[in-house]
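Q: Once you've had a glance at the structure underneath, I'll fire off some questions.
The values are calculated or read from the model by the stated rules, or taken from the named source; none is laboratory data. What you see is a predicted model; the values in this text were computed from it and never measured. Neighbour counts run over all protein chains shown; Cβ positions are idealised from the backbone, glycine included. Surface areas here come from the heavy atoms of the whole protein model, side chains and all, with no ligands, DNA or RNA. Shrake-Rupley method; radii C 1.70, N 1.55, O 1.52, S 1.80 Å.
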Amino acid sequence: LRCQAAPRPRACHGWQVSMKSGSLSYILPCNRLPVQLMSQVRVYTSNGQKKDLGSEDTNGSARGETLHKVETGQDTASAGQKQSSPKQPIQVKVKAVLKKREYGPKYTQNNFITGVRAINEFCLKSSDLDQLRKIKRRSPHDDTETFTVYLRSDVEAKSLEVWGSPEALARERKRRKEAEIKYRENLFRNQRLLWEYKEFFGNTKPRSSTAAMFFKGPGKVVMVAICINGLNFFFKLLAWVYTGSASMFSEAIHSLADTCNQALLALGISQSARTPDPSHPYGFTNMRYIASLISGVGIFMMGAGLSWYHGIMGLLYPHPVESLLWAYCILAGSLVSEGATLLVAINEIRRSARAKGLSFYQYVVQSRDPSTNVVLLEDAAAVLSVAVAATCMGLTSLTGNPYYDSVGSLGVGTLLGTVSAFLIYTNTEALLGRSIEPEQLQRLTELLESDPVVRAIHDVKATDMGMSKVRFKAEVDFDGRVVTRSYLEKQDIEQLLQEIQQVKTLEELEAFMLKHGENIIDMLGAEVDRLEKDLKQRNPDVRHVDLEIL
């Protein structure tokens, strides 16, 4: 269906053509809107040039700064009268935008690189870096405020200048890699020769800090327990050989298991003192938990398993027990020695719990010090097992029934199994990385939220990494206005105003915004460092802080 064009412009209100089909009449919309139009689009680039992409003038004229003009005429079909609407210019703003810069999938031209990386990765000398541009940046380390970096593009260009081509640089990297591997092999060989030399002539090196760990704190408790349990094992073994008592055999196995496990704890303490390396950046403190976990498994296998086995065999194949006088004497001495070790462990845990502000029970359950916990629980089980063994042996002496002695062996095995299950559970929880107490987490959260630069924090995680070392992570929504104001407070406002007034072109505007935008980003990084430092100072347990900008 078409609408006949009128010889002159006339008003069209959208529904002008009427049709009739049978008894149904309807109106069709008109597709003719007489409009006088001229349009113009300007695009600005960063160099200040403007381009007219196109113009269209349906009337053949443009009037002043008016970009669009519309003339409409109205013609009522019924009256045939002409009505012309007044001309109303419509102002349209021209939007000036910078041309988008394409960086590509990989862009490293603005990357900074330290001098050490430049020397190692690009095979340069320190004298080669003297000719490059030096840039002072905010240091990521706490001991220094600023450090010197270089543009990666300058370093790459310098390396090509020195080596001639990328292929020559690759060959030099390969050669240095092979030399490094050979150096490590020689170093290992030299260390082995030095160890053999010390073994032959004697080691006159003064006592290291690792050895000093065994003269105080948990190390002292472990060493005392090793000495006492070793003596107990020797005397209990002699008593079992003399009497043939199943309970005494269980006690001897118990003392042997304690001695082996505490030797393992001593190894864990010495390994936990190692300094962090690139392969283990968070250190080796969890070695104590690993040693305690293996110790718990050892108690279950050696102590509980053998005690149950010997008790069951005594029930199935009972045999008469010889004189138990010597067994009673050895058990009495064992009770005194085990009790002394237990008191040493209790005093150490009380002192550590008081320093952390925890109760004795909380300190043990949370496994704050796994080595001392193992000694405490093993000695407590030893004291109870001595009492159980003495009671069952006494009943056997009074009644002459060897079944009581076998039941005592089963009781000692059950006690050791309970202790091992507790040690396995607590140390596994610690190794999995459990969260800190809700009260402590709330204090850390409130400290961040009370700072004016922080609007909100989300996804807060605080994990106990072991030995009272906490790792804190949160996503922080920073207040950009406060950060910008902090930056402006350190600037000369009058000089900044003069810089703004001197901006006349797009190039000057872009340079001004890039300069101060980078400075504001540096200010944001400084605020992150300040918050991390405050968290560590007010909460000494927090060793690692990861604040992510939301």
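Q: Collect residues whose amide H, placed 1.01 Å from N in the peptide plane, falls under 5 Å from the amide H of V545; neighbours closer than 5 in sequence don't count.
A: Correct list: F472.
Q: Estimate the FRET efficiency between L432 and A355 by the formula 1/(1 + (r/R0)^6), using the beta-carbon distance for r and 22 Å for R0, to the nearest 0.05.
A: Computed FRET efficiency for L432 and A355 comes out at 0.30.
Q: Could you give the nm distance between label points at H516 and K473, where each point is 7 Å from its Cα heading toward the beta carbon?
A: 3.7 nm
Q: How large is ³J(HN,Hα), in whole Hz, for each residue of the range 231-239 in order, when computed from phi with the Karplus curve 6.51 cos²θ - 1.76 cosθ + 1.60 and θ = phi - 60°, using x for Gly and Pro?
A: Computed from phi, the couplings for the range 231-239 are 5, 4, 4, 4, 6, 5, 5, 5, 5 Hz.
Q: Could you work out how far apart the two model spin labels at Q362 and N120 are, taking each label as a point 7 Å from the Cα in the direction of the beta carbon, and quote it in nm?
A: 4.3 nm
Q: By how many nm would the segment from R171 to L497 grow when fully extended, if each residue of separation counts as 0.36 nm and the alpha-carbon distance is taken off?
A: Length difference between fully extended and current span is 111.9 nm.
Q: Along the principal axes of its C-alpha atoms, what lengths does the range 112-201 span, in descending order and rounded to whole Å?
A: 55, 39, 18
Q: Something else about it: Applying a 10 Å radius around every beta-carbon, put 231-242, 399-410, 530-541 in order of their mean neighbour count, most first.
A: Averaged packing, sorted descending, gives the order 399-410, 231-242, 530-541.
Q: Which entries in K461/K536; K134/K174; K158/K515; K106/K134; K490/K515 show an alpha-carbon gap greater than 18 Å?
A: Flagged as over cut-off: K134/K174; K158/K515; K106/K134.
Q: Further question: Given a Förster radius of 60 Å and the C-beta distance between S450 and A157 as r, what FRET efficiency does 1/(1 + (r/R0)^6) yield to the nearest 0.05?
A: Plugging the Cβ-Cβ distance into 1/(1 + (r/R0)^6) gives 0.80.
Q: Continuing with the same structure: Based on DSSP, what percent of beta bridges with both residues in the range 402-550 are antiparallel, to the nearest 5?
A: Antiparallel: roughly 55 percent of the beta bridges in the range 402-550.
Q: Could you check the simple spin-label distance between C329 and L384, using points 7 Å along Cα→Cβ, in nm with one decimal?
A: According to this spin-label approximation, the distance is 3.0 nm.
Q: So, one more: Measure off, as a whole percent, the carbon and sulfur share of the 1.4 Å-probe accessible area of the range 438-549, all protein chains present.
A: Carbon with sulfur: 51 percent of the solvent-accessible area.
Q: Once you have the Cα-Cα distance between N110 and D459, take 0.36 nm times their residue separation minus that, and quote the gain in nm to one decimal.
A: In short, 122.5 nm is gained.
Q: What are the residues whose amide H is under 5 Å from the amide H of V454, where those residues sit 5 or more places off or on another chain and H is modelled from the backbone?
A: Amide H neighbours of V454: D479.
Q: List the residues, sorted by chain then number, that are 5 or more residues from M467 or on another chain and whose placed amide H is less than 5 Å from its amide H.
A: Sorted by chain and number, the residues that satisfy this come to none at all.
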